[in-house]
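Asks: Sharing a structure, written as structure tokens. Questions coming.
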Amino acid sequence: MSNPMGSDMGGAVCAQHPERNAQRTCERCGAYMCSECTEGGFKDTCPDCVARTGGGTFPLSREDWSFDQIFSISWERWKPEWLMISVGMLIIFGVTMVFNVVSQVIQAGVASAGSVEASIGLSLIFSFAQSLIQGVIQLGFYLLCIDVLMGKPANLGLLFTQFAKVGKLLVQLLVMGLIIVVPLAVYAGIIAGIIFLAGLQDSEEVVLAIAGGAFLLVLFPLIWVSLGFYFMQMELAFDDEVGPIDAIKRSFALVDGHRLGTFGVAFVAGLVAMLGIFACGIGIIVSAGLSQLILCGLYLALRNGSDLPAVNRDLA
């Protein structure tokens, strides 16, 4: 049985660092470990076992997690891998930039030929293609983050392993659009219709007041529903066998009873990502990587101890 962190084990010394007192035993082989080997108490297996198995386990579960714990684990495991994680984010941003540049060049050429409708159509096509390509690369980035959180090195090759799931990703985006975007569009149309039927469209202040009130009316239901989709892509990446609809169902199951906590972690993770903007904008590549690691940490915590099927990715 592991000893509580912070107390020595009767004078025993660490197997990896004999000059240090042991504070825990490896759950796999029983070797003594010091605080460095456990990364401050967050790892349950020794460095030798991590090397043999390719990774460890994630120590938090849906019944035992807090933001402080998730941030601490994410921070400790981000520090040695920050460069490769940042390169992964740079690749994702790069894909977006390439699509935007190509799209603008082609649209400009079509528009100069006098076909505005064709230019708009091409814009929509490129936006859709960008969402799919960036989405499948994002799936691979989730796997990279999950590996890092479970003690493995960051593997950039994972970013390009999920293209076979483009069909599943497409189905997920369509379902989310049908459930969220379409009802919102209908709702906005109804509000606009009411404004025009009442003859209020000429009063900017009235229109803004009605639109603002209508938005606030659906804000909390929108957040509640949207949080249900939050982990659908992480689940799609994590389990190669899951279908797109089942991944959505599992995402709703993961946030069940944890919506407030999920919203709080997502909000803070967003703030972490935004910190990079103050570093001339370039720092967002680094801070966004840490932000994604935090969100994947929350996903692993909520999945660990849930009723979802186990997946052979070293998840406890």
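Asks: Under a Cβ-Cβ cut-off of 15 Å, what is the net charge of the residues other than SER226 that fall near it, where Lys and Arg count +1 and Asp and Glu count -1?
Replies: Details: positive: ARG259; negative: ASP256.
Local net charge: 0.
Asks: So, with a 1.4 angstrom probe, what is the percent of accessible area on segment 123-207 that is carbon and sulfur? Don't skip to the answer; put the middle values down first.
Replies: Values: 3210 of 4320 Å².
Taking all protein chains in place, segment 123-207 shows 74 percent carbon and sulfur surface.
Asks: More than 16 Å apart: what percent of Cα pairs in segment 264-311 qualify? Show your work: numbers first, answer last.
Replies: Values: 515 of 1128 pairs.
Cα-Cα pairs in segment 264-311 separated by more than 16 Å: 46 percent.
Asks: Okay, moving on. If you line up the long axis of helix 82-112 against the longest principal axis of the chain, both from Cα atoms, how many degrees apart are they, to the nearest 10?
Replies: Approximately 20 degrees, to the nearest 10.
Asks: Taking the Cα atoms of segment 162-316 alone, what are Rg (to one decimal) and Dmax (as a whole number) in Å?
Replies: Final numbers for Rg and Dmax: 19.4, 62 Å.
Asks: With the Cα gyration tensor of segment 84-183 in hand, give its eigenvalues times 5 under a square root as the equivalent ellipsoid semi-axes, listed largest first in whole angstrom. Write down the numbers at each step before the final one.
Replies: Numbers: eigenvalues 193, 67, 16 Å².
Semi-axes (√(5λ), whole Å): 31, 18, 9.
Asks: Gap in Å between the Cα centre of segment 187-266 and the Cα centre of segment 118-160?
Replies: Taking the Cα centre of each part, segment 118-160 and segment 187-266 sit 23 Å apart.
Asks: Okay, next question. Magnitude of the Cβ-charge dipole of the chain, K/R +1 and D/E -1, about the Cα centre, nearest 20 debye?
Replies: Details: 16 positive and 25 negative charges, 77 e Å.
About 360 debye.
Asks: Still on this structure, I have one more. Compute, for segment 164-316, the length of the dipole vector about the Cα centre, with Cβ point charges of +1 (Lys, Arg) and -1 (Asp, Glu) only. Units Debye, rounded to 20.
Replies: 240
Asks: Another one. Work from the charge dipole of segment 181-285 (Cβ charges, +1 for Lys and Arg, -1 for Asp and Glu, about the Cα centre) and give the residue of ALA273, ILE248, ALA188 farthest towards its positive end.
Replies: ALA273
Asks: Give the peptides 202-208, 229-235, 131-137 in descending order of average Cβ contacts within 10 Å, highest first.
Replies: Details: 202-208: 10.7, 229-235: 24.0, 131-137: 18.4.
Ranked from most to least packed, the peptides come out as 229-235, 131-137, 202-208.
Asks: Separate question: Leaving out ligands and nucleic acids, note down the accessible area per residue over the chain with a 1.4 angstrom probe, in whole Å². Intermediate values should be presented prior to the final figure.
Replies: Numbers: 16030 Å² over 316 residues.
Averaged over the residues of the chain, the accessible area is 51 Å².
Asks: Taking only the alpha carbons of the chain, what extent do you get along each of the three principal axes, in Å, biggest first?
Replies: 83, 42, 41
Asks: Using Cα pairs closer than 8 Å and at least 6 residues apart in sequence, work out the relative contact order for the chain, in percent.
Replies: On the way: 392 pairs, mean separation 64.2, N = 316.
Averaging sequence separation for qualifying contacts and normalising by length gives 20 percent for the chain.
Asks: While we're looking at this one, here's another question. Give the calculated FRET efficiency between VAL105 and ALA188 to the nearest 0.05, with a Förster radius of 35 Å applied to their Cβ-Cβ distance. Walk me through the numbers before you get to the answer.
Replies: Working: r = 32 Å, r/R0 = 0.92.
So, using R0 = 35 Å, E works out to roughly 0.60.
Asks: What nm distance separates the two modelled labels at PHE163 and ALA211, each placed 7 Å from Cα along Cα→Cβ?
Replies: 4.2
Asks: Only four residue types carry charge here, +1 at the Cβ of Lys and Arg and -1 at the Cβ of Asp and Glu. Report the dipole size of segment 228-312 about the Cα centre in Debye, rounded to the nearest 20. Please report the intermediate quantities before stating the final value.
Replies: Numbers: 4 positive and 7 negative charges, 66 e Å.
Around 320 debye, computed over segment 228-312.
Asks: Given R₀ = 22 Å, what would the calculated FRET efficiency be for ALA12 paired with ASP68, taking r from the Cβ atoms and rounding to 0.05?
Replies: Details: r = 29 Å, r/R0 = 1.33.
FRET efficiency, ALA12 to ASP68: 0.15.
Asks: Still on this structure, I have one more. How far, in nm, would the chain grow between ASN155 and LEU260 when pulled straight, counting 0.36 nm per residue and subtracting the alpha carbon separation?
Replies: Working: separation 105, 0.36 × 105 = 37.80 nm, distance 3.22 nm.
My answer for the length gained is 34.6 nm.
Asks: A follow-up question, please. In whole percent, how big is the carbon plus sulfur part of the accessible area of segment 56-113, probe 1.4 Å, protein atoms only? Before the final figure, lay out each step's value.
Replies: Details: 2080 of 3090 Å².
Carbon plus sulfur share of accessible area: 67 percent.
Asks: While we're on this one: Between LEU149, LEU60, LEU197, where does the largest GNM mean-square fluctuation fall for the chain, given springs only between Cα atoms within less than 10 Å?
Replies: LEU197
The values are calculated or read from the model by the stated rules, or taken from the named source; none is laboratory data. Owing to the predicted nature of the structure, the values given are computational and were not obtained by experimental measurement. So basically every Cβ, Gly included, is an ideal-geometry build from the backbone, and we count neighbours across all protein chains shown. Ligands, DNA and RNA are excluded from the accessible area calculation, which covers all protein heavy atoms including side chains. Shrake-Rupley method; radii C 1.70, N 1.55, O 1.52, S 1.80 Å.
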